[in-house]
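Here's the structure, in structure tokens; my notes come after.
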Amino acid sequence: MTAARTPWWAWAWPVLAALVMALTFVTGASGWMAAFAGAVLIAAVFAAVYHAEVVAHRTGEPFGTLVLAVAVTIIEVALIVAVMISAPAEKAGLARDTVFAAVMITCNGIVGLCLLWGGARHHEQGFQVYGASAALAVLAALTVLTLVLPNVSTTAPGPVFSTPQLVFAGLVSIVLYGAFVFIQTVRHRDYFLLVEGQEEAHAPPPSGRTAAISAVLLLVALVAVVGLAKAITPIVEIGVERLEVPKAVVGIIIAGLVLLPEGLAAARAARANRLQTSLNLALGSALASIGLTIPAVGTVSILLHQPLELGLGEKDQVLLGLTLLVGVITLGTGRTTVLQGIVHLVIFAVFIFFAVVP
């Protein structure tokens, strides 16, 4: 990972993915082209993980994980906004479904996989409990204020905010996420560093030139991942309709595709006994997904007068509450085993099952 020369596949796959993305926009994605685009998307994910690790190794924690989380989320927001603009009436709840899916995938799917895989390999793993507690506190506030509060506000009917409420919710999201990033990178950076015994023992950091090349290729790979995900979304929607499952499943699939690079990077870190890096990626991604998406889609909704539904249904509110409660318990001691991983993965399985069979 830290060699001076970048492997051929690490630059070839992002370039190929970008070319295929451009081709799908011209010819469309159907049949064999959709299958090929899916395969190239997976290759681009592996390339993105490689370049993210190079950048993270150069910048150090927690900046490296922050780079990947924010980069993925910004492009995810662009994807959501593009889909919203193309079909405003039909996609009024897409932002809510995608953001909620991102929270469940990161906090239960990715965290659960990391705890299970890391615990199976290393029996017990440690992390900075202060960092995890800070992330969970901000996550609880963000999710409840943006995804639950719309259901009980009375100015606007239904699971929506009025325009002043939407502006306020966007400002609150930016303030909370900005405060967390400040704590993570400046004021209490030590809360998010590897605990003793988890220091990386590999080669010295890559050169600035190598890191810069990886940063550019990381951006290309992430844009290609999201672009290909958008290209194959119509095929996914057709499949969802034929299977007669709820439309919210589309949001889950979009979030899953976009979060593939982070999920794979987090799992590899847990396997290498760097659980702190895994949690930085997972919880940071969940926070970025809400903190950046809500202001962006809120602005689009106000400027273009498009409908925007943010309030979760009763079933999803229960699952969100359970996720936050279990997260506080399992990540409240600074030590984890496979048991915590199994619990989170079971909640994730319940989320997927009841999304398909509500």
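Which numbered condition in (1) more than 23 Å from residue 74 (Cβ to Cβ); (2) at pLDDT below 90; (3) polar (S, T, N, Q) is the only one that residue 277 fails?
All conditions pass for residue 277, except number (1).
Mind listing just one residue for me: the one in the range 159-189 that is of a type in the set (Ser, Thr, Tyr) and in contact (Cβ under 8 Å) with a residue 24 or more places away in the chain and, of those, nearest to residue 129 (Cα to Cα)? It would help to see each step written out before you state the result.
Of all residues in the range 159-189, those of a type in the set (Ser, Thr, Tyr) come to 162-163, 173, 177, 185.
Pick out the ones that are also in contact (Cβ under 8 Å) with a residue 24 or more places away in the chain and you get 163, 173, 177, 185.
Values: 163: 38, 173: 23, 177: 19, 185: 16 Å.
Across the range 159-189, the extreme among qualifying residues is 185.
Out of 337, 299, I need the residue that is out of contact with any strand residue (DSSP E or B) (no Cβ under 9 Å at 6 or more places or on another chain) and more than 19 Å from residue 138 (Cβ to Cβ). Which one? Full working, then the answer.
Values: 337 fails: out of contact with any strand residue (DSSP E or B) (no Cβ under 9 Å at 6 or more places or on another chain).
Going through 337, 299 in turn, just one is out of contact with any strand residue (DSSP E or B) (no Cβ under 9 Å at 6 or more places or on another chain) and more than 19 Å from residue 138 (Cβ to Cβ): 299.
Find the residue count for the range 100-143, including only residues that are of a type outside the set (A, V, I, L, M) and within 13 Å of residue 323 (Cβ to Cβ).
Taking the range 100-143 first, the residues of a type outside the set (A, V, I, L, M) are 100, 106-109, 112, 114, 117-119, 121-128, 130-131, 133, 143.
Going one step further and asking which of them are within 13 Å of residue 323 (Cβ to Cβ), we end up with 100, 106-109, 112, 143.
Summing the residues that are of a type outside the set (A, V, I, L, M) and within 13 Å of residue 323 (Cβ to Cβ) in the range 100-143 gives 7.
Is it the case that the range 193-201 has a residue that's within 28 Å of residue 320 (Cβ to Cβ) and touching a residue at least 24 places away in the same chain (Cβ under 8 Å)? Outline the logic, then answer.
Here is the first cut: in the range 193-201, the residues within 28 Å of residue 320 (Cβ to Cβ) are none.
No - not one qualifying residue is present in the range 193-201.
Could you say which residue among 149, 171, 116, 145 is crowded, with 21+ Cβ neighbours inside 10 Å and among the aliphatic types (A, V, I, L, M)?
Values: 149 fails: crowded, with 21+ Cβ neighbours inside 10 Å; 171 fails: crowded, with 21+ Cβ neighbours inside 10 Å; 145 fails: crowded, with 21+ Cβ neighbours inside 10 Å.
Selected residue: 116, the only one of 149, 171, 116, 145 that is crowded, with 21+ Cβ neighbours inside 10 Å and among the aliphatic types (A, V, I, L, M).
Between residues in the range 326-337 that are touching a residue at least 40 places away in the same chain (Cβ under 8 Å) and residues that are assigned to a strand (DSSP E or B) and buried (at least 17 other Cβ atoms within 10 Å of the Cβ), which pairs lie under 9 Å by C-beta distance while being six or more apart or on different chains?
Listed pairs, sorted by first residue: 330/336; 334/126; 335/125; 335/126; 336/125; 336/126; 337/125.
Checking residue 245 against (1) loosely packed, with under 15 Cβ neighbours inside 10 Å; (2) not in a helix (DSSP H, G or I), which test does it fail?
(1)
Tell me yes or no: at least one residue of the range 95-104 is closer than 30 Å to residue 10 by Cβ, of a type in the set (Lys, Arg) and assigned to a helix (DSSP H, G or I).
no
Out of the range 13-22, which residues are surrounded by fewer than 23 Cβ atoms within 10 Å (Cβ to Cβ) and over 14 Å from residue 39 (Cβ atoms)?
15, 18, 22
What tally of residues in the range 136-160 results from selecting those that are on the phi < 0 side of the Ramachandran plot and either more than 24 Å from the chain's Cα centre (by Cα) or among the acidic types (Asp, Glu) (or both)?
Of all residues in the range 136-160, those on the phi < 0 side of the Ramachandran plot come to 136-157, 159-160.
Next, from what is left, pick out any that are either more than 24 Å from the chain's Cα centre (by Cα) or among the acidic types (Asp, Glu) (or both): 151-157.
Matching residues across the range 136-160 total 7.
What number of residues in the range 78-93 are of a type in the set (A, V, I, L, M, F, W, C), surrounded by fewer than 24 Cβ atoms within 10 Å (Cβ to Cβ) and under 17 Å from residue 292 (Cα atoms)?
6
Can you pull out the residues in the range 5-39 that are part of a helix (DSSP H, G or I), under 17 Å from residue 253 (Cβ atoms) and not polar (S, T, N, Q)? Quick ask: steps written out before the conclusion?
Taking the range 5-39 and keeping what is part of a helix (DSSP H, G or I), we get 8-27, 32-39.
Next cut, under 17 Å from residue 253 (Cβ atoms) only: 24, 34-35, 37-39.
Selection gives 34, 35, 37, 38, 39.
The values are calculated or read from the model by the stated rules, or taken from the named source; none is laboratory data. Keep in mind that this is a model prediction, so the values were computed, not measured. Reconstructed Cβ throughout: ideal geometry from the backbone, glycine too, with neighbour counts over all protein chains shown.
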